[in-house]
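Structure first, then comments.
The values are calculated or read from the model by the stated rules, or taken from the named source; none is laboratory data. Note that the coordinates shown come from a computational prediction; the quantities given were computed from them, not determined experimentally. Ideal geometry is used to build each Cβ from the backbone, glycine not excepted, and the neighbour counts take in all protein chains shown.
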Amino acid sequence: MPAISKDALNKISSEVRSWRLHKQVKATFHELARQVNPVVRGWIQYYGAFYGSKLIPLLLRINAYLLRWIRKKYRRFSSFKKAHACWQRITRQHPRLFAHWALNPRAW
């Protein structure tokens, strides 16, 4: 079945790491979404056309970086439990803030 290759997945993963989302503590959540959405939307349209479930680990990694961003930006959410509760609230209130959240909001 046609799907994203391992080389392409590694290249995309290195690009996501190069964004260093968790270190952009001066940015707001909406600014991060404006920065990330066009790129992620393009990856979803190109690589997810045939076998989109192969992109799920990459999208979960982006979510992990966003959760780490919450923990670094807001010191009151430094514990994982509090940050996760904040994450659930954000995904409920803004289910289409990030392009990959529109795929399956219950999974995030």
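Report every pair of residues separated by at least 6 positions or lying on different chains whose Cβ atoms are under 7 Å apart, first residue within the stretch 68-91 and within 17 Å of K26 (Cβ to Cβ), second of a type in the set (D, E, K, R).
Short answer, once both residue conditions are applied: F77/R71.
Quick check on the stretch 61-71. Is at least one of its residues out of contact with any helix residue (DSSP H, G or I) (no Cβ under 7 Å at 6 or more places or on another chain) and under 22 Å from S5 (Cβ atoms)? Steps first, answer last, please.
Within the stretch 61-71, the first condition is being out of contact with any helix residue (DSSP H, G or I) (no Cβ under 7 Å at 6 or more places or on another chain), and the residues that meet it are 63-64.
Now narrow it down to the ones that are under 22 Å from S5 (Cβ atoms): none.
Within the stretch 61-71, none of the residues are out of contact with any helix residue (DSSP H, G or I) (no Cβ under 7 Å at 6 or more places or on another chain) and under 22 Å from S5 (Cβ atoms).
Filter the stretch 66-108 down to the residues that are assigned to a helix (DSSP H, G or I) and of a type in the set (S, T, Y) and list them by number.
Passing the criteria: only T91.
Quick grid of which residues meet (1) touching a residue at least 60 places away in the same chain (Cβ under 8 Å); (2) assigned to a helix (DSSP H, G or I); (3) more than 11 Å from the chain's Cα centre (by Cα):
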site: L9; (1), (2), (3): no, yes, yes
site: V36; (1), (2), (3): yes, yes, no
site: I44; (1), (2), (3): no, yes, yes
site: F50; (1), (2), (3): no, yes, yes
site: A64; (1), (2), (3): no, yes, no
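Any idea which of A85, A3 is touching a Phe, Trp or Tyr at 6+ places or on another chain (Cβ under 6 Å) and among the small types (G, A, S)?
Details: A85 fails: touching a Phe, Trp or Tyr at 6+ places or on another chain (Cβ under 6 Å).
Matching residue, one of A85, A3: A3.
What is the one condition in (1) under 17 Å from H100 (Cβ atoms); (2) in a helix (DSSP H, G or I) that I4 does not satisfy?
Only one criterion in (1) under 17 Å from H100 (Cβ atoms); (2) in a helix (DSSP H, G or I) is unmet by I4, namely (2).
Out of I44, I56, report the one residue that is exposed (fewer than 15 other Cβ atoms within 10 Å of the Cβ) and β-branched (V, I, T). First the steps, then the outcome.
Working: I44 fails: exposed (fewer than 15 other Cβ atoms within 10 Å of the Cβ).
Being exposed (fewer than 15 other Cβ atoms within 10 Å of the Cβ) and β-branched (V, I, T) holds for just one of I44, I56, which is I56.
So H30 clears everything in (1) touching a helix residue (DSSP H, G or I) at 6+ places or on another chain (Cβ under 7 Å); (2) modelled with pLDDT of 95 or more; (3) loosely packed, with under 15 Cβ neighbours inside 10 Å except one condition, right? Which one?
Failing condition for H30: (1).
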